[in-house]
Amino acid sequence: MTHFSWPLDGSIVGLYILATMVAGIMVRKYVGKVEHFLLAGREMNIHLGIASLAATEFGIVTCMYAAQNGYEKGFAGATPGILYALAMFFVGWTGFCIKPLRDSGVMTIPELLDRQFGSRIRWMSGVVIVLGGLLNMGVFLRTGGDFLVSTCGFNPAYLEMTMTALLVGVAAYTILGGMLSVLVTDFLQFIVMSIGLIVVTALILSKIGWSTLVATVDKHYGAGGFNPFINPTMGWEYVLFNAMLNLAAVLTWQTIIQRVLAAKNSNASRKIFTGTSFFFVCRFLIPGIWGIAALATLAPSVVGGKSLLAMPLFLGSFVPIGFMGLLIAAMLAADMSTDSSYMLTWGSVIYNDILAPFRRGQQWSEKRGLLWNRMIIALIGIFLLFYGLWYKLEGDLWTYLGVTGTIYLSSMSVLLIACCYWKRANSWGAGAAIVIGAIVPTTYIAFTLPICEELLPGIAGLTKTIGPYYSGIATYILAALAMIIGSLLKPPSKKIFESEVSA
Amino acid sequence: MKTAWIGLWWFLTVACMVWYSTVTIYVAIKGVSDIRQMLAHLGKQKEDAGKAQ
C-alpha cells in the first residue's frame, strides 16, 4: 500500500509537468540557427550551466542504481560519487582537455578529432559515440516506469502508456526549442529535484536516524560497508576502474561535453565543472542513504531478491501524502531533464558528424539544418519508445549499461587527450584505439554469456576470474597503448617531422 | 579505522544537505538572471539577422 494520493499528490505532479511543458515550448521563438538549437548560441552562463548539468546527470536510473549500491554495499557503495567529484573538480580546476575543446569552437568532440585524425576517424567516432550513448539510454524509460509503479502503486498495465505520454511531451519541447528548451526546463527541474531530494533525505534522517543507518550497514556488511577497499564485492580494482570510468565520462560523456561547448567561454565551462563537482557526491550518497533506509526497514520477503526495487518500495510506504507528490515531481523532473538532454546531445553527433559526409561540398541552409536536427530527435524518441519501453531487455541491466558506456568512453577519452596534448598522435593510433576500446568489453561480455559457459567452460571460467573491474581497467590501458603504438608505427607527416627536427 | 570511515560518511552526508540547501537557492536566484541575459542576447541576434535580411 503506497501513500500516493491522486487528488493531492497527482495535482502537484500535474501542475509541475504543465509548467515545464509551457516553459520549454515558450522559448522556441529564440531558435533561428543550428548553433542556437544545439548549443543555445553559446550563451550559457555559469549558474544556468550548474543547474542544467546537475539536472541532466541525475535521472531515475541513476537514483535506482545508486540506491541499489547503498542497499547492497552500504555507505561504501557511494564511493563512485567521490571519484566522480574529484575527476570533475580536477578537470574544471586545470581545464584539462575542456579548455582546448571549448576554445576550438567546435560543436562536438568528433569535429575536433577531425582536425588531427581526419574525417574517417571523425565519422567512426560519431558512430561509436551514438551507438554507445543510445544503447545506454535505451533502458532509461522502462527503469523510470518501474520506479513509478513501485512507488505510486500504479497498475503496471498502464506503465507503457504513461511513459509514452511523458516521452512525447519531453520530445515535443526538445524538438521545438532544442538546447534552449533543455536549459530552461533543466533549470526548473533542478529546483524541483533538489527540494524533493532534500525533503525526503531529511525525513529519513529524522525518522529513522543516522545511528540506525550506521548500525544496519555494520550488521549486514561490517567494516566493508564503510570502507570500499575491504568490501569483498569492491576492493582496489573497483576503485581504480571507477576512477578511470569517471574521468573518461567527465571528459567525453556527450551530455556533459555539450555544456562545455554551450558555455560562454572556456572559463565559464571550467567554473561550471568546479561548481558542480560536489553534486556528484550527492548524486550517489543521497540515493545510497535511501537504499540503506530500505535495508533497515523492509523485510527481505518484501524486496524478494529484487534489490533494484527496494528503494522505490520503501519510499512508497515511507513518504507521507503531500510529500509524495513532491517526490514524484522531483523524480519526474530528474527523468525528463535527462531524457531531453540525451535526445538532443546524441542527436547533435548524428547531425554534425555522422551526416557530415553528406554535407561535404554543399552548404546546408540554417532552415534545412534545423529541420534535420528536429527529425533526428523525433527518430531518437521513436527508437527509445520501441527499444526501451516496448522491447523487454533480457539479462543483467548493470552489465549492459557498463559495456555500452565503456565501448565509447575508453576510446574517446584516449582520442581526446591525444588530440589535445600529443602532436604525434595520428589516424592509425586513433583507429586502433577505437577498435581495441570496442573489442575488449564486448569480448568480455561474450565470454560471460550462458552459451559460452556451455561451449567453452575453460575460457568462461577464466573470464569470471578476471571479472568486470580488471577487464574494464585493461580496456582503458589497452586503448591508450593502441593509440601510442599505432601512432608511432605510422610515419610522421612532413609538418610533424619538420617540427621534430627543428626542436 | 572503521570509526574514521563512519566519520567521513557522516561529514559527507551533512555536506550534501548543506550543499543542496544553499546551492539550490543561490543557483535558483542567479540562474534566473542567466536565463534573462541568454534570451536577451539571442533575441537581439535574431533581430539583427532579420534586419540584415
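The values are calculated or read from the model by the stated rules, or taken from the named source; none is laboratory data. Quick caveat: nothing in here was measured; it's all calculated off a predicted structure. Positions of Cβ are generated from backbone atoms using ideal geometry, with glycine treated the same way; all protein chains shown enter the neighbour counts.
Among the residues of the stretch A:422-447, which ones are among the hydroxyl-bearing types (Ser, Thr, Tyr) and free of Cβ contacts under 8 Å to residues at least 24 places away in the same chain?
The one that is among the hydroxyl-bearing types (Ser, Thr, Tyr) and free of Cβ contacts under 8 Å to residues at least 24 places away in the same chain: A:Thr443.
Go through (1) closer than 22 Å to A:Thr255 by Cα; (2) over 23 Å from the mean Cα position of the chain (by Cα) for A:Lys29 and report which single condition fails.
(1)
Just need a number here: residues in the stretch A:35-55 that are more than 8 Å from chain B (Cβ to nearest Cβ) and touching an Asp or Glu at 6+ places or on another chain (Cβ under 6 Å).
2
Of the residues A:Ala223, A:Ala268, which single one is in contact (Cβ under 8 Å) with a residue 12 or more places away in the chain and either touching a strand residue (DSSP E or B) at 6+ places or on another chain (Cβ under 8 Å) or farther than 30 Å from A:Met107 by Cβ (or both)?
Answer to the check: A:Ala268.
Which pairs turn up if I take residues in the stretch A:29-41 that are within 14 Å of A:Arg102 (Cβ to Cβ) and look for partners that are among the polar types (S, T, N, Q) and modelled with pLDDT of 90 or more with beta carbon separation below 9 Å, at least 6 apart in sequence or on another chain?
Once the first residue is within 14 Å of A:Arg102 (Cβ to Cβ) and sits in the stretch A:29-41, its partners that are among the polar types (S, T, N, Q) and modelled with pLDDT of 90 or more give A:Leu39/A:Gln258; A:Leu39/A:Ser348.
Scan the stretch A:3-12 for residues that are touching a residue at least 60 places away in the same chain (Cβ under 8 Å), surrounded by fewer than 23 Cβ atoms within 10 Å (Cβ to Cβ) and out of contact with any Cys (no Cβ under 6 Å at 6 or more places or on another chain) and jot them down.
A:His3, A:Ser5, A:Leu8, A:Gly10, A:Ser11, A:Ile12
Return the residue satisfying two criteria in turn: it lies in the stretch A:194-204 and is over 16 Å from A:Ile60 (Cβ atoms) and facing chain B (nearest Cβ under 8 Å), and of such residues it is surrounded by the most Cβ atoms within 10 Å (Cβ to Cβ).
Residue satisfying both the conditions and the ranking: A:Thr201.
Please find, within the stretch A:21-49, the residue that is surrounded by the most Cβ atoms within 10 Å (Cβ to Cβ) out of those that are among the small types (Gly, Ala, Ser) and assigned to a helix (DSSP H, G or I).
It comes out as A:Ala40.
Condition check: buried (at least 23 other Cβ atoms within 10 Å of the Cβ), more than 13 Å from chain B (Cβ to nearest Cβ) and assigned to a helix (DSSP H, G or I). Does A:Ala87 satisfy that?
The answer is yes for A:Ala87.
Yes/no per residue for (1) in contact with a helix residue (DSSP H, G or I) (Cβ under 9 Å, 6 or more places away or on another chain); (2) more than 22 Å from A:Pro110 (Cβ to Cβ); (3) exposed (fewer than 15 other Cβ atoms within 10 Å of the Cβ):
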| position | (1), (2), (3) |
| --- | --- |
| A:Ser410 | yes, no, no |
| A:Ala432 | yes, no, no |
| A:Val435 | yes, no, no |
| A:Phe447 | yes, yes, no |
| A:Leu462 | yes, yes, yes |
| A:Tyr469 | yes, yes, no |
| A:Gly486 | yes, no, no |
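Tally the residues that are under 27 Å from the mean Cα position of the chain (by Cα), farther than 17 Å from A:Leu285 by Cβ and at the interface with another protein chain (Cβ under 8 Å from one of its Cβ atoms), restricting the search to the stretch A:205-230.
Of the residues in the stretch A:205-230, 0 are under 27 Å from the mean Cα position of the chain (by Cα), farther than 17 Å from A:Leu285 by Cβ and at the interface with another protein chain (Cβ under 8 Å from one of its Cβ atoms).
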